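Asks: I am attaching a structure below and will ask some questions about it afterwards.
Read the figures in this text as sums done on the coordinates, not as results from a lab. All figures in this text were calculated on a predicted structure; none of them were measured in a lab. Positions of Cβ are generated from backbone atoms using ideal geometry, with glycine treated the same way; all protein chains shown enter the neighbour counts.
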Amino acid sequence: MHIYKSRISIFFLTGLLPALLLLTGCSKLIEVNRPSNTVGNDVIFKTDERAVTALMTVYAQMINYNSGISLSNGALPVFTGLMSDEYVKNSSSADEQDKMLEEFYKNVITRTNTIPDISFWNNGYEVIFSANAVIEGVAASGSPALTARTRDLLNGEAKLVRAFQHFYLANLYGDIPIVLTTDINQTRTLSRRLVSEVYQQVEKDLKDAFLLLPADYSAAGNTRYRPNKWVAAALLARLYLYEKNYPAAAEQAGLVINNGLYKLLPPANVFMINSEECLWQLEHPTRGNAAPEEVNFFTPAMQYNKVPEDYKMFFTDPEMFAYFSTSGQMIPRCPMTQALINAFETGDERKAAWTDTVPVPVAPPYNGNGYRFSHKTENINLDGTLSPSAYTVMRLAEMYLIRAEALAQQGTDLAGATADLNKIRNRAGLPDLETGSREQLLAAVAQERRVEFFGEWGHRWFDLKRTGKATETLRVITEKQPWSNDHLLLPLPQIELINNPMLKQNPGY
C-alpha cells in the first residue's frame, strides 16, 4: 500500500456476496476502482449495525493475521527488540527472511529489506486510511438511523486509532506524512511533516476521542476490545511523556489510575482476556489456536515445561536434540539477551510468569547453556490448546510508571514518584525502594520499565531513543558495531520516494 493509491474503498460487493459479510471478513484495504454494483457509504453508514461493522474492519486490519506480521500484531516487539538489547537472532539460514532479521539485529538495515515497508509503513498507513474512511463515512451520512451515540463512538474510536498509528510511525521513521483523508488528490504528493507537527495532530485526535468516547466498555459488550476515553487519556499521557511535558503526562496518567476501573494484577494474570489491568486489547481471530505473530519468533513450538514426560528426552539427549532443534521447533528464533535476563532482580515474579527456558543437553557442544524466551502473549497447554489470552495494547502498569517518571523529572514530588514505582515492584513480589534523589529515581523507573515492558510494543527501543540512551547502550554490543546514529530511524520505502518526489529518504540510506 502506498499513500498515493488511486482509490481507497473497503465497501463494495463482488458477485452475490452481501456487503456486510464482505466487511466482516475483510482484513486489509481493497484498493480498486468502485465497480458498478458498489454499495457506497450511504448504505454502509445508514444504520448503527452496519456502521459498527465498518469500524470492526479497522481492528481486523490491526491484528491482521492473514497478512503476516505487521505493526499492530507483533512486528514492533520483534524488530525493535532485535534493534535494541532485548533479543538476539538465533536462527541461521540462507533464506531472505533470516537475512532481513540479521539486518535488524545488527542495525544495518538495507533498502532491499522489505520488513520496514510491509510490516510498518504499509500496514500503518492502511489502518490510517481505513480510520479516515470511517470518519468520512459518518460525516457524509444523513441517515436518521445512524444515531448520535454511534456517530460519536465511530468518530472517537477512528480518531484514536489514527492517532495511535501516526504516533508509532513517527517514532519509527521520524518526520512522516500526516494523512487525514482518503482523497488521492490530497495524499499523492504529501510531504514529510516534523515529528512535533505529527504529535500536534495526535494530541488533537486523542483529545477529540476523549470527549467522544464513553467511560466504560458498554459499547464493546464489556470486553476490552474497543477503546474507551481512558485509553485516549493513557495515550495522551504517553505522548506528553515523549514530549517532555511532564505535568501533563502526570495529570493524564492520574486520570487513568484514579478512575477505579482498573487494578494491578499478579503477573500470571495480566494478559488474560478482559484482564482488569488492561485498558485495551485486540481480539484474536476465532479460528484455531491463533496467537500474535510475534509468538513465531519468541516462543518455540515445543516447550520443555509444557510437553508430556515422554517428550522431555528431546531436550536432554544430544543426538535427538541436534536432530529436532534444527527444525526450529525447540529453540526460539529470537531468544532473550543475557543483558535482559540479568536485569531481573532475584525473586521477580515477572521473570517466572512471563519467561521460560529451553534446557539443552549437558554434553558438548551444548554444555547445558540453554535459551530463555518470552511468552507474554501465548500460553500453550499440554493438549496443544491456548490458554485464554488477548493481545494487550495498553495496561495500567504503564500509567504508574509514566506518572513516576513525570513526577521524578519535575523533582517536586519524589515521594509520590517512589510510591508509584513501588506499586509496580510490589506487584512483582519485590520490596519497596527508599525515596532517593531525582537521578536515582529516574534510573529506577528506567529499570522497572525494562523488565515490565520487555517484548511489548517496542517500549525498550523507544525508551532508549527518547531518553538519549540509545547510542551509549547499543554501540558497545559487538554485533551492532560499527554504530551509527542513522540506525535510530528506519528507511522510507523506495517505491514511495520514486512515486512522490516530495518525500526524502532518511540519512544513511
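Asks: Tell me which residues come under 5 Å, amide H to amide H, from Y371 once H is placed; ignore anything under 5 positions away on its chain.
Replies: V358
Asks: Reachable aspartates and glutamates from K244, Cα under 20 Å, same-chain residues fewer than 8 places away excluded?
Replies: In chain and number order, the partners are D175, E197, E203, D205, E398, E405, D413, D420, E439, E448, D463.
Asks: Could I ask something else about it? For the range 96-199, run through the trypsin sites (Lys or Arg not before Pro) and keep only the ones in DSSP coil with at most 16 other Cβ atoms within 10 Å of their Cβ.
Replies: When the trypsin sites (Lys or Arg not before Pro) of the range 96-199 are filtered for loop state and at most 16 Cβ neighbours within 10 Å, R111, R188 remain.
Asks: Using a cut-off of 21 Å between alpha-carbon atoms, which lysines can reach K504, once sequence neighbours fewer than 8 places away in the same chain are excluded?
Replies: List returned: K5.
Asks: What is the extension gain from E472 to A419, computed as 0.36 nm multiplied by their sequence separation minus the C-alpha to C-alpha distance, in nm to one decimal?
Replies: 16.1 nm
Asks: Net charge near A390: determine it from the other residues with C-beta under 10 Å of the C-beta of A390, scoring Lys and Arg +1 and Asp and Glu -1.
Replies: Around A390, the surrounding residues sum to 0.
Asks: May I ask you to list the residues of the range 354-374 whose amide nitrogen lies under 17 Å from a point 7 Å from Cα along the Cα→beta-carbon direction of A322?
Replies: The answer is 360-369, whose backbone nitrogens lie closer than 17 Å to the label point.
Asks: Something else about it: Taking a 32 Å limit on the Cα-Cα distance, which of the listed pairs K106/K207; K204/K351; K159/K306; K263/K306; K204/K263; K204/K469 fall beyond it?
Replies: Listed pairs above 32 Å: K106/K207; K204/K351; K159/K306.
Asks: Net charge near L265, counting Lys/Arg +1 and Asp/Glu -1 over other residues with Cβ under 10 Å of its Cβ? Display every interim value, and only then the final one.
Replies: On the way: positive: K263, R395, R427; negative: E276, E277.
Net charge in that neighbourhood comes out at +1.
Asks: Using just the C-alpha positions of the chain as equal point scatterers, what log10 of I(q)/I(0) does the Debye formula give at each q in 0.08 1/Å?
Replies: So the normalised log intensities work out to -0.51.
Asks: Expressed as an acute angle from 0 to 90° and rounded to the nearest 10, what is the orientation of the C-alpha long axis of helix 396-410 relative to the principal long axis of the chain?
Replies: 80 degrees
Asks: How long is the gain from E345 to M502 if the chain were fully straight, where each residue apart is worth 0.36 nm and the alpha carbon distance is subtracted?
Replies: Going from the current span to full extension adds 51.6 nm.
Asks: Let me ask something additional. Counting each DSSP H run of 4 or more residues in the chain as -39500 (n - 2.57), what helix-only mean residue ellipticity at 222 nm follows after dividing by all residues, to the nearest 500 deg cm²/dmol?
Replies: -13000 deg cm²/dmol
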